[in-house]
Amino acid sequence: MEMILQQQDWLHYAEVYASDIIELKNFFLQKFGVSRLNENFGIPFLSAKKRDKIVAFASLVTNQFHQIDFVIYENSDLKEIENEDFKMKSKDYCKRKDSENFRDPVQLQYNIERMIDWLNDAV
C-alpha cells in the first residue's frame, strides 16, 4: 500500500527577541494600515511562524482596568484552530514568567511607552 505524505504548515512558536521587533513592527503597521505604532502594539513576547514567516504574535498590554493582559495579532494565514492553540500557548507562557512586565502593570505601561517612542523614531 502506498502512503502519500502531505506537507503540513506547522506552526512554530518562539519567544520574541530584539532581532524580531522590526519585523513585528512592520507586521502591525501593515495589519492596521497605519504609519506609526501606538500603545496597542504592547510588548511582544511570543510569535507563531509558518515556513519562517510570522503569522501571529502575542503582545503584553494593559487593559481598561489597568491590569496586565495580552492580545494576539494574526494574519489571514492563521487558521481558527491554530489561533486557539496559540492563545493557549500565550496564556501558559504568561503564567510561567515572573519578570516585571508580566507582574507590574505600571512598569509594563512605562516599558510600552518607551519602546513605542523608540520604534517610531527608528528608521
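The values are calculated or read from the model by the stated rules, or taken from the named source; none is laboratory data. Because the structure is a prediction, the values reported are computed rather than measured. Ideal geometry is used to build each Cβ from the backbone, glycine not excepted, and the neighbour counts take in all protein chains shown. Keep in mind that these areas ignore ligands, DNA and RNA; they rest on the heavy atoms of the full protein, side chains included. Shrake-Rupley method; radii C 1.70, N 1.55, O 1.52, S 1.80 Å.
Values for this structure:
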quantity: Magnitude of the charge dipole, the chain, Cβ model with Lys/Arg +1 and Asp/Glu -1, debye to 20; calculated: 40
quantity: Student exercise, the range 79-123 dipole from Lys, Arg, Asp, Glu Cβ charges, in Debye to nearest 20; calculated: 240
quantity: Extension gain (nm, one decimal) between TYR17 and GLU39, 0.36 nm per residue minus Cα-Cα; calculated: 6.0 nm
quantity: Proximal aspartates and glutamates to LYS97, defined as alpha-carbon separation beneath 20 angstrom and excluding residues fewer than eight positions away on the same chain; calculated: GLU15, ASP20, ASP69, ASP85
quantity: Label corresponding to Cα extents along the principal axes in Å when calculated from the structure given, among (i) 96, 40, 27; (ii) 48, 35, 20; (iii) 62, 33, 24; calculated: (iii)
quantity: For the chain: accessible area per residue (Å², 1.4 Å); calculated: 69
quantity: 12 Å beta-carbon shell around LYS95, net charge (K/R +1, D/E -1); calculated: +3
